Each structure stands twice: as structure tokens, then as C-alpha cells.
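The values are calculated or read from the model by the stated rules, or taken from the named source; none is laboratory data. Because the structure is a prediction, the values reported are computed rather than measured. For neighbour counting, all protein chains shown are included, and Cβ atoms are generated from backbone atoms with ideal geometry for every residue, glycine included.
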Amino acid sequence: MRKYAIPLIVSLGLSMAAPLPLPALAEDRPQTDTAPLFETTDLASAGEGAHTWRIPALEVLEDGTLIAAYDRRNDNASDLPGNLDLVVRRSHDKGRTWTEPQIVVDYDGGVGAGDPSLLVDRETGRIFLFHAHGPAGVGFFNSSDGNANDSDDILHADYSYSDDGGLTWNTRRITEDIKDPSWFGIFASSGTGIQTSQGRLIQQYAYDSGDGVYAVSVYSDDNGQTWQAGEPVGPGMDENKTVELADGRIMLNSRTAQGPYRLVAYSEDGGRTYSDPVPDHDLVDPTNNGAVVRYDPKAPMGWPEAHKLLFTNTNHASSRQNLTVRMSCDDGQSWPVSKVLDPGAAAYSTIVPLGSDEFGVLYERGNVEHITFARFNAGWLGGDCT
């Protein structure tokens with residue numbers, strides 16, 4: 001895709017500009033003093049089984065199984081349109097070892113599918129693998145308007161789903177459900193979607209209006225049986241992610257068309273509408289795909305962890321390098337803790353919490369030469385919210 005740049009949730013009446021007070025440390029909060037942990041494993045390398053492997057997606061199931069997905073780009077295909085397939089691998093030991101690659105979506109005749117994003121419904125266990133489908137010759141830049149599911153001249157919004165932990169998959173098309181017929185190219189923002197505390201499933205998309213690129217939340221309140229799109233945010237957006245804050249608001253964090261900062265917007269109705277996006281000057285970005293996640297989605301409100309966020313991107317104003325993990329202790333209003341995960345060339349990244357103050361990052365290492373999984377813990381990251 002283009003790489004540039006409800007039941008209604010009740011608002012709590014909090015000002016988006018005012019700092020949120022951090023609660024006192026709960027007396028029964030677990031105290032940890034762990035030794036630093038950091039380890040990496042390559043899942044795919046350019047030239048081994050494909051010309052290039054790109055676009056990492058990552059999720060963790062309730063039993064701790066990790067699901068990784070990414071593009072297999074054949075015959076020097078750089079993006080859709082092109083001969084792209086979708087690959088999934090699973091890990092049962094927090095990313096130390098992985099199952100053999102499983103091809104989930106593979107079309108014949110040069111037709112492609114790519115840009116995966118994973119989302120797990122914690123209520124049903126269903127895994128959603130959102131992706132774009134390009135009929136022969138169709139990509140983001142030359143997609144027509146319209147939204148018919150059987151159209152051969154538009155980029156389609158598809159997802160595959162699994163109800164058995166990623167062993168078997170089926171595929172469904174939702175172009176007519178979520179794409180306004182006046183829009184042109186549309187694609188799921190690769191990485192990881194979210195499920196809110198109210199149960200809503202939210203997957204971010206980017207689309208071309210003809211006058212610019214917008215972000216939009218696509219959401220479901222019935223465990224993925226039906227999907228609808230909220231109000232567009234933009235223009236000037238690109239691949240974007242969301243995270244639920246401690247007070248129930250949704251924060252949108254987006255790559256921009258020009259940089260050099262991430263754009264941030266807020267929703268008080270579960271992603272249906274957002275405030276106007278503004279740059280976060282703490283988050284320098286060279287127009288690249290990044291990720292934001294709750295440190296501990298299950299943390300009670302009495303714990304500082306309820307207000308912690310983690311963010312990953314290539315922390316550089318103009319070059320895709322210096323992949324960095326940042327931590328916020330105040331729901332993303334500031335990012336005082338940072339640690340370089342990879343100082344060299346890197347590109348897309350996504351992050352998930354693994355529990356017990358451990359985290360997993362799947363990212364493109366080098367000049368898109370490798371898909372690499374990194375596992376680290378709070379001891380390695382350092383910093384706290386005291």
C-alpha cells in the first residue's frame with residue numbers, strides 16, 4: 001500500500017490537553033527487579049525462499065502463543081500490484097523458536113495480497129489477519145473509486161480468520177462494508193489492531209480520497225460479524241495505529257506524508273470520530289510505520305502500569321534507522337524513557353506485551369533484508385514512573 005506519507009463509549013469529560021493525574025501506587029502491586037533480558041531471532045531473510053520479505057504483523061493469543069505474519073514478495077515485487085503472498089508463523093516459547101512458514105493467502109497469475117495486520121478477539125479467540133487484495137495490475141496508486149466486492153479495478157479490503165489458533169484459515173471480503181465508493185485506494189494499516197475494554201474490535205486503515213491520504217478506524221461491536229468505518233481523519237496521514245488509554249479514550253498515532261513528527265488525535269467515542277491531528281514533537285519519525293501499545297492492558301486503575309504506553313519507530317528525522325522503544329508514564333503526553341533496540345538500518349515495526357513485564361517486537365532489520373523478532377523485558381528497557 002501507499003508508503004508515504006459502537007455502542008457509544010461515554011466520554012469522561014477529561015480535557016485532552018490536561019495531564020492525567022497518576023494514581024498512587026497500589027499496595028498490592030507486584031514488585032519486580034528483573035535482570036535485563038534482550039534476545040533476537042530472524043524469521044525470514046531476503047533471497048531465502050523469496051526475493052524479499054516485508055511488512056511485519058504480530059499478535060499474542062490468550063495462551064501465550066505468538067502469531068507473526070508478513071509479506072512474501074516474489075519476483076522482485078516491491079508492493080501491490082505484484083506477486084505477493086501472506087505468510088504466518090507461530091511460536092509457543094515467547095519467540096525463541098517458530099513453526100515453519102505457512103502460506104495463508106496465495107493467488108495465481110501474479111495477483112497479490114499483502115500488508116497484513118493481526119487482531120485477536122479475546123472474547124471468542126478468533127484471529128483476524130487483515131490485508132489488501134489487488135486484482136491483476138491494481139495497487140494503491142492506481143485503484144479506481146467504487147466499492148463493489150467483485151470489482152476488478154479497485155484495491156480490496158480482505159481479511160483471513162482462524163478459529164483454531166492459526167492452524168487453518170478462511171478469507172472474507174469487506175470492501176462494500178467499509179469503503180466509501182468515492183474513495184480510491186484503501187489498505188489496512190499493517191501491524192496490530194486492538195480490542196477495547198468494551199469489547200470493540202478496531203483495525204486502522206488508510207485511504208486515498210483523491211486529494212490526500214486519510215486515516216480511518218474500522219470497527220466491529222459483534223465480534224467481527226459486521227464492520228463499519230468511522231469518520232476520516234486527515235489529510236496528511238498514512239499508516240496509523242490506535243491504543244486505548246486508561247480513561248477509555250482512543251489515541252490515534254500516525255505516520256505522516258512528510259514528517260518529521262508523528263501525528264496524534266483522540267477519540268471519545270471508541271474510534272468513530274477523532275479530534276484534529278497534531279504533531280507530537282517528542283516522536284521524531286522519517287515517515288515510517290511504527291507502533292503503540294498498552295504496557296499492561298490488564299493493569300487495574302490503581303497501578304501506574306495502567307497509564308504506561310510503549311512506542312516503537314525508527315527515531316530519526318530523515319532516515320530509516322535507529323529503531324527505538326519509548327515508554328510513556330502518562331498516557332502518551334510525554335515519553336521520558338527510551339532505549340535503542342537496533343541502531344542500524346531498520347524499517348517497519350510492531351510490538352505486543354507478552355506478560356510478566358516482557359515484550360515482543362517484530363521488525364524489518366537492515367535495508368529490508370530480514371524480518372526479526374526481538375524480545376526484551378522491563379529490566380532491559382530501564383526507567384520507571386516513580
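Some notes on this structure:
- Filter result (surrounded by 20 or more Cβ atoms within 10 Å (Cβ to Cβ) and in contact with a Gly (Cβ under 9 Å, 6 or more places away or on another chain)) within region 322-335: L323, M327, C329
- The set of residues in region 52-83 being of a type in the set (D, E), assigned to a loop (DSSP other than H, G, I, E, B) and crowded, with 21+ Cβ neighbours inside 10 Å consists of D79 alone.
- For beta carbons closer than 6 Å, sequence separation of 6+ or different chains, a first residue in region 103-119 that is on the phi > 0 side of the Ramachandran plot and a second that is at pLDDT 95 or above, the qualifying pairs are D115/I55; D115/H131; D115/A132; D115/F187; D115/S190.
- The single condition from (1) farther than 21 Å from Y266 by Cα; (2) surrounded by fewer than 21 Cβ atoms within 10 Å (Cβ to Cβ); (3) at pLDDT below 95 that W303 fails is (2).
- Against the list (1) in contact with a helix residue (DSSP H, G or I) (Cβ under 8 Å, 6 or more places away or on another chain); (2) farther than 22 Å from K241 by Cα; (3) crowded, with 17+ Cβ neighbours inside 10 Å, the condition H156 fails is (2).
- Selection from region 311-360 of residues that are farther than 20 Å from E59 by Cβ, among the polar types (S, T, N, Q) and either in contact with a helix residue (DSSP H, G or I) (Cβ under 6 Å, 6 or more places away or on another chain) or part of a strand (DSSP E or B) (or both): T314, Q321, N322, T324, S328, S338
- Per the listing N288, N240, the residue uniquely assigned to a strand (DSSP E or B), surrounded by 24 or more Cβ atoms within 10 Å (Cβ to Cβ) and at pLDDT 95 or above is N240.
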